[in-house]
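The values are calculated or read from the model by the stated rules, or taken from the named source; none is laboratory data. None of the values given here were measured: they were computed from a predicted structure. In this analysis, Cβ positions are derived from the backbone assuming ideal geometry, glycine residues included, and neighbour counts consider all displayed protein chains. Keep in mind that these areas ignore ligands, DNA and RNA; they rest on the heavy atoms of the full protein, side chains included. Shrake-Rupley method; radii C 1.70, N 1.55, O 1.52, S 1.80 Å.
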Amino acid sequence: MSYDAPASHAGRTIFITGASSGVGAHAAKLLAAAGARIVAGARRADRIAGLVEEIEAAGGTAIAVPVDVEDADSIRAAYAVAEERLGPIDTVIANAGVNSEGPALTLEDDAFDQIMRVNVRGAFHTAREGARRMIAAGVAEGRIVFIASIGGTKVQPGLAAYCSSKAAVVMMSRALAVEWARYGISVNTICPGFMLTEITQDWFGTPAGDRMIQHFPRRRLMPLEALDPSLLYLTSTDGGHTTGATIVVDDGQSI
């Protein structure tokens, strides 16, 4: 990640969940390169510690804060640590998520419940605690970005629970955008297409996964960097007039 870009996010402090890999880790490095102070939150403490070392080695500012989004107390504690070390949080990226593939008829109840606890309840608590603290601190330009999925806008076979959870996130984001507009907090959602990440690499290494790629209009997976313009815009001062938006970035996969 280059740190030669203009410091468009200088002065912003960004709390990111699910920062141990994939979109979360990429967003942390991208926004640190843009000048933001990063709070990297995830359950895997060793991963986020390594991420912080990478950001700091490149000249950025970041801290690692263990957080389990299934536990509201853990979320509150993570925010408290982050504020103690870096001051008020003005930007939140609710990215943590899990998945379980397979037909709805055979999906285990525990798997369904975990998807909802992490993807919906966890995202809600992450956003709500962030908003509470922004309001209490008098943050003038608050930003909350949910990372959902094209599964939240179009059914994906074998992903009934996952798609339902991401559709819930899309509507939750819009509802919170209305509720928190008067506090100057912009709330938006990015719905990425399929990318090669830790959560998808096993699937796309199979013949069925390869066939799926061949049905995409451009017959390819999307790179993480495809999200950069949306992430930078929605977390910036320039994004203040965009709220309640759902931005699909999927290389045409859902057309």
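Please go through segment 132-149 and pick out each residue that is part of a helix (DSSP H, G or I) and surrounded by fewer than 21 Cβ atoms within 10 Å (Cβ to Cβ). Those that are part of a helix (DSSP H, G or I) and surrounded by fewer than 21 Cβ atoms within 10 Å (Cβ to Cβ): 132, 135, 136, 137. Residue count for segment 193-241 satisfying the condition of being in contact (Cβ under 8 Å) with a residue 60 or more places away in the chain and assigned to a loop (DSSP other than H, G, I, E, B): 6. Restricting to segment 177-199, give me the number of residues that are over 19 Å from residue 237 (Cα atoms) and open to solvent by less than 40 Å² (accessible area, probe 1.4 Å). Of the residues in segment 177-199, 6 are over 19 Å from residue 237 (Cα atoms) and open to solvent by less than 40 Å² (accessible area, probe 1.4 Å). From the list 103, 88, which residue is out of contact with any helix residue (DSSP H, G or I) (no Cβ under 7 Å at 6 or more places or on another chain), of a type outside the set (Asp, Glu), touching a residue at least 12 places away in the same chain (Cβ under 8 Å) and open to solvent by 50 Å² or more (accessible area, probe 1.4 Å)? The match here is 103. The residue that is farthest from residue 200 (Cα to Cα), counting only those in segment 113-131 that are over 14 Å from the mean Cα position of the chain (by Cα) and open to solvent by less than 30 Å² (accessible area, probe 1.4 Å), is 131.
Of all positions in segment 86-105, at least one carries a residue that is at pLDDT below 95, under 20 Å from the mean Cα position of the chain (by Cα) and among the hydroxyl-bearing types (Ser, Thr, Tyr). State all residues of segment 43-73 that are surrounded by fewer than 22 Cβ atoms within 10 Å (Cβ to Cβ) and in a loop (DSSP other than H, G, I, E, B); if no residue qualifies, say none. Listed by number, the residues that qualify are 43, 44, 58, 59, 60, 68, 70, 71. Picking from residues in segment 200-246 that are within 30 Å of residue 10 (Cβ to Cβ) and among the polar types (S, T, N, Q), the one that is most open to solvent (accessible area, probe 1.4 Å) is 237. For residue 173, the criteria (1) at pLDDT 95 or above; (2) in a helix (DSSP H, G or I); (3) out of contact with any Phe, Trp or Tyr (no Cβ under 6 Å at 6 or more places or on another chain) hold in every case but one, which is (3).
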